[in-house]
Amino acid sequence: MQLRNAIEIILHPENEWLRMEEQETERRSLLRYGMTCIVLSHGLLLLWIFISTSNRGVSYPHTSYGPLYLSVAVLFRFAMNLGCLFLLPSLIAELAPSFHGTRDSFRALKLYVFAMTPAWAGMIFGGLGILSGFYSIYLLWNYADVALDIPPLKKVSFVVTIVFLLMILQWIFYAMALPIADLVLKSSS
């Protein structure tokens with residue numbers, strides 16, 4: 001998958017899902033695509049932080065925190081997103097039978113990467129990130145039945161469970177990251 005695919009997922013998800021279904025994609029390719037999206041979005045966000053904190057003409061919310069604080073926060077978000085890329089699809093596959101779906105870790109990975117593409121892309125733009133997160137939830141809901149055979153009556157509870165699971169994983173990553181970030185920030189003072 002390439003950058004063009006990310007744009008197509010955002011603009012024309014139906015066509016891109018059909019193309020992904022027909023294409024023989026390896027797990028490694030999907031993981032590489034997900035990691036590329038995560039690296040690009042966080043790299044661009046770090047670049048924006050350094051530009052906005054060094055140039056007073058460009059504003060960025062929270063510039064009062066300083067570039068070190070913002071950079072540490074972005075690096076922990078980066079680690080969290082990578083962790084979720086490797087953990088969450090397996091958990092999604094394990095949960096699918098509880099919602100009368102099919103346990104298929106490869107199709108769960110495909111669904112996760114497909115649905116998270118708008119969220120990863122929108123991360124760069126602050127407020128747009130929230131909207132793209134909702135769009136990712138919509139894509140997860142819209143393609144859960146196709147990817148993992150989740151029945152229509154179970155899709156809402158399946159998606160709510162996945163979103164809740166993602167929130168728990170993020171909370172765990174942040175709980176581990178905060179003491180480290182505090183040490184980094186105290187040592188730089």
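The values are calculated or read from the model by the stated rules, or taken from the named source; none is laboratory data. Worth saying up front: this structure is predicted, and the values here are computed from it rather than measured. When we count neighbours, we look across all protein chains shown, and the Cβ atoms used for this are built from the backbone with ideal geometry, even at glycine. Surface areas here come from the heavy atoms of the whole protein model, side chains and all, with no ligands, DNA or RNA. Shrake-Rupley method; radii C 1.70, N 1.55, O 1.52, S 1.80 Å.
FRET efficiency for Ser157 and Ser29, Cβ-Cβ distance as r, R0 = 22 Å, nearest 0.05? Plugging the Cβ-Cβ distance into 1/(1 + (r/R0)^6) gives 0.10.
Of the complete DSSP H runs in the chain, those spanning 20 angstrom or more by Cα along the long axis with a mean Kyte-Doolittle score not below -0.5 are 27-54, 67-95, 105-122, 127-148, 155-188. Computed about its Cα centre, the charge dipole of the chain is approximately 480 debye, with only Lys, Arg, Asp and Glu carrying charge at their Cβ. Here the range 99-119 and the range 1-53 have alpha carbon centers that stand 15 Å from each other. For Glu8, the accessible surface of its heavy atoms amounts to roughly 50 Å² (probe 1.4 Å, protein chains only, rounded to the nearest 10). Within the accessible area of the chain, what % is carbon and sulfur when the probe is 1.4 Å and the other protein chains stay in place? Summing carbon and sulfur atoms, their accessible area is 68 percent of the total for the chain. Taking the average, over residues, of other Cβ atoms within 10 Å as the packing measure, peptides 104-115, 27-38 rank 104-115, 27-38 from highest down. The residues of the chain present an accessible area of 56 Å² per residue when probed at 1.4 Å with all protein chains retained.
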